[in-house]
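S.K.: Handing you a structure now.
The values are calculated or read from the model by the stated rules, or taken from the named source; none is laboratory data. Since we're looking at a predicted model, the values are computed, not measured. Cβ sites come from the backbone with ideal geometry, for glycine too, and all protein chains shown count toward neighbours.
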């Protein structure tokens, strides 16, 4: 699953205005109290970016600009089971832009379509049993406010895998087929547990079992809520995941863990927050990666939102922190949101001589 533009895929929110976002984030586990019937929805993102990247050590630099696109189709059904319980089921199809014009001219290539947000939920009051992939609330989410584009996700799209900072931490539990439970605790939030029999297994072998992945089981627990105990404006989350080191791989010297936690407070027109994403034992080695983000947004009016954010990422055995800084502006045109952001990146991949900058304009709509 790709982690593009907001939150790790499965974007099903509506355009909103306010101090925390111009475009709503994905609502994972939003199947409580479903309305019966089948729905079809989707979203469309068009992005233009100007990227400059350089390395003082090698004396090389490059500048590039161009368009990117992502479209998504969501199919969902909700209703009642024969025993009186509620249920919800669905899936999404994400269409990424083909890598070449030749591939586009031949039609949608197999590598450009992702089947994601696959789920069957069985719901009894405040308790939801969920089965599938890429659906349950999870550690990729960011509670720190932004104008519609997460700083880490926007920078990752621009600089690619060279960036150390990432919201896809640890075993990436929600990106594998599994089963879990979500419990709505009134006045507190939603607690969740997700279990994956085999790390990295996306169910790509149809109805058979893929035993060639070579990873162990993993799990993720979390708690996410807003306005707890009547504290209006406060949002928070905490997630922890673990996968034991892979058996039989000599390079696997450490368990793979993840922590993601943060808090935000909305004062009305101003919102502030902080977020940490941490991977322990990255690639099952003794390397830890910690990305800390602080951010703030200001709603000038019901349509215009301004934002700033900074992410500092440290890595075991490196003395230089990777830093990302952004200023952004979002404007809601009702069904269409327009967002512009500027990102300054220093010490990309924790290399002191590698820097970059990005200017982007993004159009978003949901239907």
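S.K.: Within segment 143-165, does at least one residue satisfy the condition of being under 22 Å from residue 69 (Cα atoms), surrounded by fewer than 22 Cβ atoms within 10 Å (Cβ to Cβ) and more than 16 Å from the chain's Cα centre (by Cα)?
M.R.: So far as segment 143-165 goes, yes, one or more of its residues are under 22 Å from residue 69 (Cα atoms), surrounded by fewer than 22 Cβ atoms within 10 Å (Cβ to Cβ) and more than 16 Å from the chain's Cα centre (by Cα).
Here's the yes/no breakdown for (1) under 26 Å from residue 163 (Cβ atoms); (2) crowded, with 21+ Cβ neighbours inside 10 Å; (3) at pLDDT 95 or above:
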| site | (1), (2), (3) |
| --- | --- |
| 204 | no, no, no |
| 223 | no, no, yes |
| 232 | no, no, no |
| 246 | yes, no, no |
| 262 | yes, yes, yes |
| 281 | yes, yes, no |
| 284 | yes, no, no |
| 297 | yes, yes, yes |
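S.K.: Has segment 236-248 got any residue that is more than 29 Å from residue 182 (Cβ to Cβ), touching a strand residue (DSSP E or B) at 6+ places or on another chain (Cβ under 7 Å) and touching a residue at least 24 places away in the same chain (Cβ under 8 Å)? Give the steps one after another, and end with the answer.
M.R.: Step one: of segment 236-248, the residues more than 29 Å from residue 182 (Cβ to Cβ) are 247-248.
Now drop any that are not touching a strand residue (DSSP E or B) at 6+ places or on another chain (Cβ under 7 Å), which leaves none.
No, every residue in segment 236-248 fails to be more than 29 Å from residue 182 (Cβ to Cβ), touching a strand residue (DSSP E or B) at 6+ places or on another chain (Cβ under 7 Å) and touching a residue at least 24 places away in the same chain (Cβ under 8 Å).
S.K.: When you go through 295, 314 one by one, which is the residue that is part of a strand (DSSP E or B), free of Cβ contacts under 8 Å to residues at least 40 places away in the same chain, touching a helix residue (DSSP H, G or I) at 6+ places or on another chain (Cβ under 8 Å) and under 21 Å from residue 153 (Cα atoms)?
M.R.: Details: 295 fails: free of Cβ contacts under 8 Å to residues at least 40 places away in the same chain.
Among 295, 314, only 314 is part of a strand (DSSP E or B), free of Cβ contacts under 8 Å to residues at least 40 places away in the same chain, touching a helix residue (DSSP H, G or I) at 6+ places or on another chain (Cβ under 8 Å) and under 21 Å from residue 153 (Cα atoms).
S.K.: Going through 278, 302 one at a time, which residue ends up being on the phi < 0 side of the Ramachandran plot, assigned to a loop (DSSP other than H, G, I, E, B) and in contact (Cβ under 8 Å) with a residue 60 or more places away in the chain? Reasoning before the result, please.
M.R.: Numbers: 278 fails: assigned to a loop (DSSP other than H, G, I, E, B).
Just a single option satisfies the conditions, and that option is 302.
S.K.: Go through segment 139-188 and give me each residue that's touching a helix residue (DSSP H, G or I) at 6+ places or on another chain (Cβ under 7 Å) and either over 24 Å from residue 119 (Cα atoms) or at pLDDT 95 or above (or both).
M.R.: The answer is 159, 162, 163, 164, 165, 166, 187, 188.
Yes/no matrix, rows are residues, columns are (1) under 21 Å from residue 123 (Cβ atoms); (2) crowded, with 20+ Cβ neighbours inside 10 Å; (3) at pLDDT below 90:
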{"site": "9", "(1), (2), (3)": "no, yes, yes"}
{"site": "12", "(1), (2), (3)": "yes, yes, yes"}
{"site": "22", "(1), (2), (3)": "no, yes, yes"}
{"site": "44", "(1), (2), (3)": "no, no, no"}
{"site": "54", "(1), (2), (3)": "no, no, yes"}
{"site": "60", "(1), (2), (3)": "no, no, yes"}
{"site": "67", "(1), (2), (3)": "no, no, no"}
{"site": "75", "(1), (2), (3)": "yes, no, no"}
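S.K.: Something else about it: Which condition number does residue 49 fail, the rest of (1) farther than 28 Å from residue 347 by Cα; (2) surrounded by 16 or more Cβ atoms within 10 Å (Cβ to Cβ) being met?
M.R.: Tallying (1) farther than 28 Å from residue 347 by Cα; (2) surrounded by 16 or more Cβ atoms within 10 Å (Cβ to Cβ), residue 49 fails exactly one: (1).
S.K.: Being assigned to a strand (DSSP E or B), under 21 Å from the mean Cα position of the chain (by Cα), surrounded by fewer than 22 Cβ atoms within 10 Å (Cβ to Cβ) and in contact (Cβ under 8 Å) with a residue 40 or more places away in the chain is true for just one of 339, 343, 308, 329. Which residue is that? Full working, then the answer.
M.R.: On the way: 339 fails: surrounded by fewer than 22 Cβ atoms within 10 Å (Cβ to Cβ); 343 fails: surrounded by fewer than 22 Cβ atoms within 10 Å (Cβ to Cβ); 308 fails: in contact (Cβ under 8 Å) with a residue 40 or more places away in the chain.
Just one listed residue meets the conditions, 329.
S.K.: Report yes if residue 90 is farther than 21 Å from residue 133 by Cβ and modelled with pLDDT of 50 or more, otherwise no.
M.R.: Working: farther than 21 Å from residue 133 by Cβ: no; modelled with pLDDT of 50 or more: yes.
Taking the combined requirement at face value, the residue does not satisfy it.
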